[in-house]
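I have placed the structure first, in the form of C-alpha coordinates, so that the comments after it can refer back to it.
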Amino acid sequence: MTTAFASPSTYVQGDQLLEHAAPYITPFGDHGLLLADDIVWQLIGQKFYDNLTTANLTIEHVQFNGESSPEEIDRIKAIGQRTDAKFVIALGGGKTNDTTKAVGDALGIPVVIVPTLASNDSPCTRLSVLYSADGEFLKYLFYDKNPDLVLVDSAVIAGAPVRFLIDGIADALSTNVESQSVSWARETTLLPLNTQQTAAGIALAEKCEEILFKYTDQAVAAASDHVVTPALEHIIEANILLSGVGAESSGLAAAHSFQNGLTALSGDVHKLSHGQKVAFGTLVNLVLEGASDARFRKYLDFEVALGLPTTFADLHLGDATDADLLKVAELATQEGETIHNMGFPVDARTLLAAMKGADALSRNFQHLN
(Lines give C-alpha, C1' and ligand atoms only; values in the text may rest on other atoms or scores of the structure.)
Protein backbone atom coordinates (compact mmCIF):
# COMPACT_ATOMS: atom_id res chain seq x y z
CA MET A 1 0.00 0.00 0.00
CA THR A 2 1.27 3.46 -0.92
CA THR A 3 -0.08 6.52 0.90
CA ALA A 4 0.31 10.23 0.19
CA PHE A 5 -0.47 13.60 1.74
CA ALA A 6 -0.45 17.03 0.10
CA SER A 7 -1.09 20.62 1.16
CA PRO A 8 -0.35 24.22 0.13
CA SER A 9 3.27 25.22 0.62
CA THR A 10 2.18 28.04 2.94
CA TYR A 11 -1.16 28.90 4.55
CA VAL A 12 -1.56 32.24 6.33
CA GLN A 13 -4.77 33.41 8.04
CA GLY A 14 -5.41 36.56 10.03
CA ASP A 15 -7.49 39.66 10.64
CA GLN A 16 -6.74 42.50 8.15
CA LEU A 17 -4.12 40.29 6.48
CA LEU A 18 -4.47 41.87 3.02
CA GLU A 19 -3.20 45.20 4.29
CA HIS A 20 0.27 43.69 4.63
CA ALA A 21 0.23 40.79 2.16
CA ALA A 22 3.04 41.91 -0.14
CA PRO A 23 5.93 40.35 1.86
CA TYR A 24 4.33 36.93 1.41
CA ILE A 25 4.13 37.40 -2.37
CA THR A 26 7.41 39.14 -3.26
CA PRO A 27 9.53 35.94 -3.04
CA PHE A 28 7.78 34.79 -6.23
CA GLY A 29 8.86 37.78 -8.32
CA ASP A 30 8.18 41.45 -8.92
CA HIS A 31 5.28 41.22 -11.39
CA GLY A 32 2.25 39.05 -11.93
CA LEU A 33 -1.45 38.75 -12.64
CA LEU A 34 -4.34 39.48 -10.26
CA LEU A 35 -7.55 37.75 -11.29
CA ALA A 36 -10.83 39.12 -9.85
CA ASP A 37 -14.37 39.62 -11.06
CA ASP A 38 -16.00 43.07 -11.18
CA ILE A 39 -17.83 42.72 -7.87
CA VAL A 40 -14.76 41.62 -5.92
CA TRP A 41 -12.66 44.30 -7.61
CA GLN A 42 -15.03 47.03 -6.50
CA LEU A 43 -15.34 45.69 -2.95
CA ILE A 44 -11.71 44.98 -2.06
CA GLY A 45 -9.73 44.37 -5.24
CA GLN A 46 -8.69 47.94 -5.94
CA LYS A 47 -7.48 48.40 -2.35
CA PHE A 48 -5.57 45.10 -2.45
CA TYR A 49 -4.06 46.08 -5.80
CA ASP A 50 -2.97 49.46 -4.39
CA ASN A 51 -1.37 47.78 -1.36
CA LEU A 52 0.64 45.49 -3.63
CA THR A 53 1.74 48.20 -6.06
CA THR A 54 2.69 50.51 -3.18
CA ALA A 55 5.04 47.70 -2.12
CA ASN A 56 6.72 47.93 -5.57
CA LEU A 57 5.01 44.94 -7.15
CA THR A 58 3.86 45.33 -10.74
CA ILE A 59 0.38 43.83 -11.00
CA GLU A 60 -1.75 43.27 -14.10
CA HIS A 61 -5.41 43.25 -13.13
CA VAL A 62 -7.37 40.68 -15.19
CA GLN A 63 -11.16 40.67 -15.06
CA PHE A 64 -12.56 37.20 -14.43
CA ASN A 65 -15.62 36.52 -16.53
CA GLY A 66 -17.29 34.13 -14.10
CA GLU A 67 -16.84 30.57 -15.35
CA SER A 68 -13.93 28.16 -14.81
CA SER A 69 -14.09 27.02 -18.42
CA PRO A 70 -11.34 25.95 -20.84
CA GLU A 71 -12.01 29.09 -22.89
CA GLU A 72 -11.53 31.39 -19.88
CA ILE A 73 -8.36 29.57 -18.85
CA ASP A 74 -6.88 29.93 -22.35
CA ARG A 75 -7.76 33.65 -22.45
CA ILE A 76 -6.01 34.42 -19.18
CA LYS A 77 -3.07 32.17 -20.01
CA ALA A 78 -2.46 34.29 -23.12
CA ILE A 79 -2.37 37.44 -20.98
CA GLY A 80 0.16 35.82 -18.67
CA GLN A 81 2.35 34.86 -21.61
CA ARG A 82 2.16 38.36 -23.07
CA THR A 83 3.14 40.01 -19.77
CA ASP A 84 5.70 37.34 -18.78
CA ALA A 85 3.93 36.99 -15.44
CA LYS A 86 6.02 35.50 -12.63
CA PHE A 87 3.00 34.55 -10.50
CA VAL A 88 -0.79 34.63 -10.64
CA ILE A 89 -3.11 35.65 -7.80
CA ALA A 90 -6.75 34.65 -7.39
CA LEU A 91 -8.92 37.12 -5.47
CA GLY A 92 -12.43 35.75 -5.22
CA GLY A 93 -14.51 32.60 -4.89
CA GLY A 94 -14.20 28.99 -5.98
CA LYS A 95 -14.38 29.46 -9.74
CA THR A 96 -11.85 32.29 -9.63
CA ASN A 97 -9.56 30.01 -7.61
CA ASP A 98 -10.01 27.06 -9.96
CA THR A 99 -9.30 29.18 -13.04
CA THR A 100 -6.20 30.71 -11.45
CA LYS A 101 -4.81 27.30 -10.52
CA ALA A 102 -5.28 26.12 -14.09
CA VAL A 103 -3.55 29.22 -15.47
CA GLY A 104 -0.63 28.87 -13.06
CA ASP A 105 -0.20 25.23 -13.98
CA ALA A 106 -0.32 25.98 -17.70
CA LEU A 107 2.27 28.75 -17.37
CA GLY A 108 4.43 26.93 -14.82
CA ILE A 109 4.37 29.84 -12.36
CA PRO A 110 3.50 30.11 -8.63
CA VAL A 111 -0.16 30.30 -7.65
CA VAL A 112 -1.40 32.55 -4.85
CA ILE A 113 -4.99 32.06 -3.67
CA VAL A 114 -6.70 34.86 -1.75
CA PRO A 115 -10.26 33.70 -1.02
CA THR A 116 -12.91 36.32 -0.35
CA LEU A 117 -15.36 33.71 0.94
CA ALA A 118 -15.15 30.63 3.13
CA SER A 119 -17.85 29.00 1.02
CA ASN A 120 -15.83 26.02 -0.21
CA ASP A 121 -12.45 24.33 0.17
CA SER A 122 -11.02 25.04 -3.28
CA PRO A 123 -8.23 27.44 -2.14
CA CYS A 124 -5.97 24.69 -0.78
CA THR A 125 -6.40 21.88 -3.30
CA ARG A 126 -4.33 20.82 -6.30
CA LEU A 127 -7.36 20.45 -8.53
CA SER A 128 -9.90 22.53 -10.41
CA VAL A 129 -13.47 21.79 -11.33
CA LEU A 130 -13.99 22.65 -14.98
CA TYR A 131 -17.33 23.66 -16.44
CA SER A 132 -18.46 24.45 -19.95
CA ALA A 133 -19.09 28.08 -20.87
CA ASP A 134 -22.77 27.29 -20.18
CA GLY A 135 -22.04 26.01 -16.66
CA GLU A 136 -22.27 22.24 -17.16
CA PHE A 137 -19.79 20.14 -15.20
CA LEU A 138 -17.02 18.82 -17.47
CA LYS A 139 -14.29 17.25 -15.35
CA TYR A 140 -11.75 17.59 -12.57
CA LEU A 141 -8.36 18.91 -13.62
CA PHE A 142 -5.47 17.73 -11.44
CA TYR A 143 -2.05 19.34 -10.96
CA ASP A 144 1.39 18.28 -9.80
CA LYS A 145 1.30 20.54 -6.74
CA ASN A 146 -1.00 22.50 -4.49
CA PRO A 147 -1.09 26.32 -4.48
CA ASP A 148 2.17 27.90 -3.40
CA LEU A 149 0.50 30.35 -1.04
CA VAL A 150 -2.98 30.75 0.47
CA LEU A 151 -3.73 34.08 2.16
CA VAL A 152 -6.97 34.28 4.15
CA ASP A 153 -8.07 37.63 5.56
CA SER A 154 -10.58 36.82 8.30
CA ALA A 155 -12.04 40.33 8.15
CA VAL A 156 -12.81 39.87 4.45
CA ILE A 157 -14.54 36.56 5.19
CA ALA A 158 -16.51 38.15 8.04
CA GLY A 159 -17.54 41.01 5.78
CA ALA A 160 -19.31 38.71 3.32
CA PRO A 161 -22.97 37.69 3.70
CA VAL A 162 -23.22 34.92 6.31
CA ARG A 163 -24.89 32.55 3.82
CA PHE A 164 -21.51 32.02 2.18
CA LEU A 165 -19.95 30.88 5.44
CA ILE A 166 -22.86 28.47 5.88
CA ASP A 167 -22.27 27.17 2.34
CA GLY A 168 -18.69 26.43 3.32
CA ILE A 169 -19.77 24.68 6.50
CA ALA A 170 -22.09 22.51 4.40
CA ASP A 171 -19.25 21.60 2.05
CA ALA A 172 -16.88 20.95 4.97
CA LEU A 173 -19.46 18.74 6.70
CA SER A 174 -19.09 16.19 3.90
CA THR A 175 -15.31 15.94 4.42
CA ASN A 176 -15.22 13.39 7.21
CA VAL A 177 -18.33 11.52 6.05
CA GLU A 178 -16.70 10.89 2.68
CA SER A 179 -13.28 10.31 4.25
CA GLN A 180 -14.71 7.53 6.41
CA SER A 181 -16.39 5.93 3.38
CA VAL A 182 -13.07 5.91 1.55
CA SER A 183 -11.29 4.55 4.63
CA TRP A 184 -13.75 1.68 5.07
CA ALA A 185 -13.39 0.83 1.38
CA ARG A 186 -9.59 1.31 1.37
CA GLU A 187 -9.96 3.27 -1.85
CA THR A 188 -7.64 5.92 -3.27
CA THR A 189 -7.78 9.64 -2.52
CA LEU A 190 -8.24 12.70 -4.73
CA LEU A 191 -4.51 13.07 -5.24
CA PRO A 192 -3.59 12.15 -8.83
CA LEU A 193 -1.08 9.58 -7.57
CA ASN A 194 -3.30 6.51 -7.15
CA THR A 195 -2.45 6.49 -3.44
CA GLN A 196 -4.38 5.73 -0.28
CA GLN A 197 -5.04 7.75 2.86
CA THR A 198 -2.45 8.77 5.40
CA ALA A 199 -3.29 8.95 9.08
CA ALA A 200 -2.65 12.70 8.78
CA GLY A 201 -5.27 13.11 6.06
CA ILE A 202 -7.89 11.21 8.05
CA ALA A 203 -7.01 13.17 11.20
CA LEU A 204 -7.58 16.49 9.42
CA ALA A 205 -10.96 15.31 8.14
CA GLU A 206 -11.94 14.25 11.65
CA LYS A 207 -10.69 17.52 13.14
CA CYS A 208 -12.67 19.43 10.53
CA GLU A 209 -15.89 17.77 11.65
CA GLU A 210 -15.05 18.23 15.34
CA ILE A 211 -14.62 21.97 14.86
CA LEU A 212 -17.86 22.30 12.89
CA PHE A 213 -19.93 20.72 15.64
CA LYS A 214 -18.08 22.71 18.32
CA TYR A 215 -18.03 26.27 16.96
CA THR A 216 -20.62 26.68 14.19
CA ASP A 217 -23.30 28.49 16.24
CA GLN A 218 -20.81 31.06 17.54
CA ALA A 219 -19.18 31.53 14.16
CA VAL A 220 -22.46 32.04 12.32
CA ALA A 221 -23.52 34.61 14.91
CA ALA A 222 -20.21 36.49 14.52
CA ALA A 223 -20.34 36.39 10.72
CA SER A 224 -23.95 37.59 10.80
CA ASP A 225 -22.70 40.67 12.66
CA HIS A 226 -19.56 40.89 10.45
CA VAL A 227 -17.09 40.61 13.32
CA VAL A 228 -14.05 38.36 13.72
CA THR A 229 -14.05 36.14 16.81
CA PRO A 230 -11.96 33.09 17.78
CA ALA A 231 -14.87 30.79 16.90
CA LEU A 232 -15.14 32.33 13.44
CA GLU A 233 -11.38 31.92 12.95
CA HIS A 234 -11.78 28.21 13.78
CA ILE A 235 -14.61 27.75 11.29
CA ILE A 236 -12.77 29.62 8.54
CA GLU A 237 -9.81 27.29 9.03
CA ALA A 238 -12.12 24.27 8.99
CA ASN A 239 -13.93 25.41 5.83
CA ILE A 240 -10.80 26.28 3.87
CA LEU A 241 -7.74 24.43 5.18
CA LEU A 242 -8.97 21.35 7.04
CA SER A 243 -11.74 20.59 4.58
CA GLY A 244 -9.56 21.20 1.53
CA VAL A 245 -6.51 19.25 2.64
CA GLY A 246 -8.62 16.67 4.46
CA ALA A 247 -10.81 15.98 1.45
CA GLU A 248 -7.93 15.89 -1.00
CA SER A 249 -5.72 13.60 1.06
CA SER A 250 -8.62 11.44 2.29
CA GLY A 251 -10.82 11.31 -0.79
CA LEU A 252 -14.38 11.98 -1.89
CA ALA A 253 -17.26 9.56 -2.22
CA ALA A 254 -21.00 9.89 -2.94
CA ALA A 255 -21.77 13.39 -1.60
CA HIS A 256 -19.80 15.21 -4.26
CA SER A 257 -20.80 12.84 -7.04
CA PHE A 258 -24.44 13.64 -6.27
CA GLN A 259 -23.66 17.36 -6.57
CA ASN A 260 -22.03 16.77 -9.96
CA GLY A 261 -24.97 14.67 -11.08
CA LEU A 262 -27.37 17.58 -10.55
CA THR A 263 -25.90 19.28 -13.62
CA ALA A 264 -27.94 16.78 -15.66
CA LEU A 265 -30.99 18.91 -14.85
CA SER A 266 -31.91 22.50 -15.56
CA GLY A 267 -34.03 24.81 -13.46
CA ASP A 268 -34.06 26.32 -10.00
CA VAL A 269 -31.82 23.65 -8.48
CA HIS A 270 -28.93 25.61 -9.95
CA LYS A 271 -29.84 28.66 -7.93
CA LEU A 272 -28.40 26.72 -5.00
CA SER A 273 -24.70 26.84 -4.11
CA HIS A 274 -22.18 24.04 -4.30
CA GLY A 275 -22.32 23.62 -0.53
CA GLN A 276 -26.11 23.50 -0.45
CA LYS A 277 -26.16 20.71 -3.02
CA VAL A 278 -23.40 18.82 -1.22
CA ALA A 279 -25.41 19.09 2.01
CA PHE A 280 -28.09 16.85 0.55
CA GLY A 281 -25.35 14.71 -0.99
CA THR A 282 -23.96 14.09 2.50
CA LEU A 283 -27.31 12.63 3.52
CA VAL A 284 -27.31 10.47 0.38
CA ASN A 285 -23.81 9.27 1.27
CA LEU A 286 -25.06 8.28 4.73
CA VAL A 287 -27.99 6.32 3.32
CA LEU A 288 -25.73 4.51 0.87
CA GLU A 289 -23.32 3.49 3.63
CA GLY A 290 -26.19 2.13 5.71
CA ALA A 291 -25.83 4.64 8.54
CA SER A 292 -27.91 4.13 11.68
CA ASP A 293 -30.88 6.35 12.44
CA ALA A 294 -28.85 8.11 15.13
CA ARG A 295 -25.91 8.79 12.80
CA PHE A 296 -28.17 10.08 10.03
CA ARG A 297 -30.07 12.31 12.43
CA LYS A 298 -26.87 13.85 13.81
CA TYR A 299 -26.07 15.35 10.41
CA LEU A 300 -29.69 16.05 9.49
CA ASP A 301 -30.29 18.11 12.64
CA PHE A 302 -27.08 20.05 12.03
CA GLU A 303 -28.12 20.87 8.46
CA VAL A 304 -31.70 21.75 9.36
CA ALA A 305 -30.48 24.19 12.01
CA LEU A 306 -28.47 25.99 9.31
CA GLY A 307 -31.36 26.07 6.85
CA LEU A 308 -29.61 23.75 4.39
CA PRO A 309 -31.47 21.62 1.83
CA THR A 310 -32.41 18.23 3.26
CA THR A 311 -35.30 17.22 0.96
CA PHE A 312 -36.06 17.21 -2.75
CA ALA A 313 -38.43 20.14 -2.14
CA ASP A 314 -35.55 22.13 -0.62
CA LEU A 315 -33.55 21.42 -3.77
CA HIS A 316 -36.42 22.71 -5.93
CA LEU A 317 -36.93 19.13 -7.10
CA GLY A 318 -40.20 18.47 -5.32
CA ASP A 319 -41.94 17.93 -8.67
CA ALA A 320 -39.10 15.97 -10.25
CA THR A 321 -40.10 12.66 -11.79
CA ASP A 322 -38.24 9.41 -11.31
CA ALA A 323 -37.02 9.87 -14.87
CA ASP A 324 -35.54 13.26 -13.94
CA LEU A 325 -33.89 11.87 -10.82
CA LEU A 326 -32.55 8.92 -12.79
CA LYS A 327 -30.70 11.37 -15.06
CA VAL A 328 -28.98 12.76 -11.97
CA ALA A 329 -28.11 9.26 -10.78
CA GLU A 330 -26.78 8.22 -14.18
CA LEU A 331 -24.47 11.24 -14.41
CA ALA A 332 -23.35 10.83 -10.79
CA THR A 333 -22.39 7.19 -11.36
CA GLN A 334 -20.55 7.61 -14.64
CA GLU A 335 -17.06 6.16 -14.91
CA GLY A 336 -14.47 8.11 -12.94
CA GLU A 337 -16.89 9.59 -10.42
CA THR A 338 -15.89 9.48 -6.76
CA ILE A 339 -19.06 7.62 -5.81
CA HIS A 340 -17.17 4.49 -6.83
CA ASN A 341 -15.04 4.99 -3.70
CA MET A 342 -17.88 3.69 -1.53
CA GLY A 343 -16.36 0.21 -1.54
CA PHE A 344 -19.24 -1.55 -3.24
CA PRO A 345 -20.85 -1.26 -6.68
CA VAL A 346 -23.13 1.76 -7.01
CA ASP A 347 -25.16 1.95 -10.21
CA ALA A 348 -27.78 4.53 -11.13
CA ARG A 349 -30.64 2.44 -9.75
CA THR A 350 -28.89 2.03 -6.38
CA LEU A 351 -28.15 5.74 -6.16
CA LEU A 352 -31.71 6.68 -7.12
CA ALA A 353 -32.99 4.57 -4.23
CA ALA A 354 -30.55 6.27 -1.83
CA MET A 355 -31.59 9.73 -3.06
CA LYS A 356 -35.25 8.94 -2.51
CA GLY A 357 -34.43 7.32 0.82
CA ALA A 358 -32.59 10.42 2.04
CA ASP A 359 -35.52 12.62 1.03
CA ALA A 360 -38.09 10.38 2.73
CA LEU A 361 -36.05 9.94 5.90
CA SER A 362 -35.45 13.69 6.17
CA ARG A 363 -39.14 14.43 5.78
CA ASN A 364 -40.11 11.77 8.29
CA PHE A 365 -37.65 12.91 10.96
CA GLN A 366 -38.65 16.55 10.56
CA HIS A 367 -42.32 15.63 10.73
CA LEU A 368 -41.68 13.87 14.04
CA ASN A 369 -40.31 17.12 15.43
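The values are calculated or read from the model by the stated rules, or taken from the named source; none is laboratory data. If you're wondering where the values come from, they're calculated on a predicted model, not measured in any experiment. Note that each Cβ is placed from the backbone with ideal geometry, even for glycine, and that neighbours are counted across all protein chains shown. These area figures cover heavy atoms from the full protein model, side chains too; ligands, DNA and RNA do not enter into them. Shrake-Rupley method; radii C 1.70, N 1.55, O 1.52, S 1.80 Å.
In percent, rounded to a whole number, the relative contact order of region 14-88 is 44, using alpha-carbon pairs under 8 Å and six or more apart. Both radii were evaluated on the Cα set of region 1-144; the Rg over Rh quotient, with Rh as the Kirkwood radius, amounts to 0.95. Solvent-accessible surface of the chain, averaged per residue with a 1.4 angstrom probe and all protein chains in place: 40 square angstrom.
Each of G246, F280, N56 was scored by the projection of its Cα onto the charge dipole of the chain, and the greatest displacement toward the positive side belongs to G246; charges sit on the C-beta of Lys, Arg, Asp and Glu. Counting only protein heavy atoms and a probe of 1.4 Å, the accessible surface of region 1-155 is 48% carbon and sulfur. Each Lys and Arg Cβ is given +1 and each Asp and Glu Cβ -1; about its Cα centre, the chain then shows a dipole of about 380 debye. Tell me which lysines have Cα within less than 24 Å of K47's Cα, excluding those fewer than 8 residues away on the same chain? Filter leaves K86, K95, K101. Computed log10 I(q)/I(0) for region 161-366 at 0.08, 0.12 Å⁻¹: -0.25, -0.56, from the Debye equation with unit scatterers placed on every C-alpha and solvent omitted.
Given +1 at the Cβ of Lys and Arg, -1 at the Cβ of Asp and Glu and no other charges, the dipole of region 161-366 around its Cα centre is 180 debye to the nearest 20. Shown for region 161-366: lysine pairs separated by 8 or more places, or found on different chains, whose C-alpha atoms are under 24 Å apart, numbering 11.
Taking Cα centre as origin and charging only the Cβ of basic (Lys, Arg, +1) and acidic (Asp, Glu, -1) residues, the dipole magnitude of region 183-226 rounds to 200 debye. Relative contact order of the chain: 16 percent, from C-alpha pairs under 8 Å at least 6 residues apart in sequence.
Going 7 Å from the Cα of A133 in the Cα-to-Cβ direction, what parts of region 75-92 have a backbone nitrogen less than 18 Å from that spot? Zone members listed by number: 75-79. Computed with every protein chain present, the accessible area of D121 is close to 20 Å² [probe 1.4 Å]. With contributions of -39500 (n - 2.57) from each DSSP H run of at least four residues, the per-residue ellipticity at 222 nm computed over the chain stands at -15500 deg cm²/dmol. A straight Cα-to-Cα reach below 18 Å connects K145 with the aspartates and glutamates D98, D105, D121, E248, residues fewer than 8 places away in its own chain not being considered. Mind checking which of G307, A185, L149 is farthest towards the positive end of the chain's charge dipole, using Cβ charges of +1 (Lys, Arg) and -1 (Asp, Glu) about the Cα centre? About the Cα centre, the residue reaching furthest to the positive side is A185. The apolar share of the surface of region 223-369, taken as the fraction of accessible area on carbon and sulfur atoms (1.4 Å probe, ligands and nucleic acids excluded), comes to 51 percent. Averaging 1/r over every pair of different alpha carbons in the chain and inverting the result gives a Kirkwood radius of 20.6 Å.
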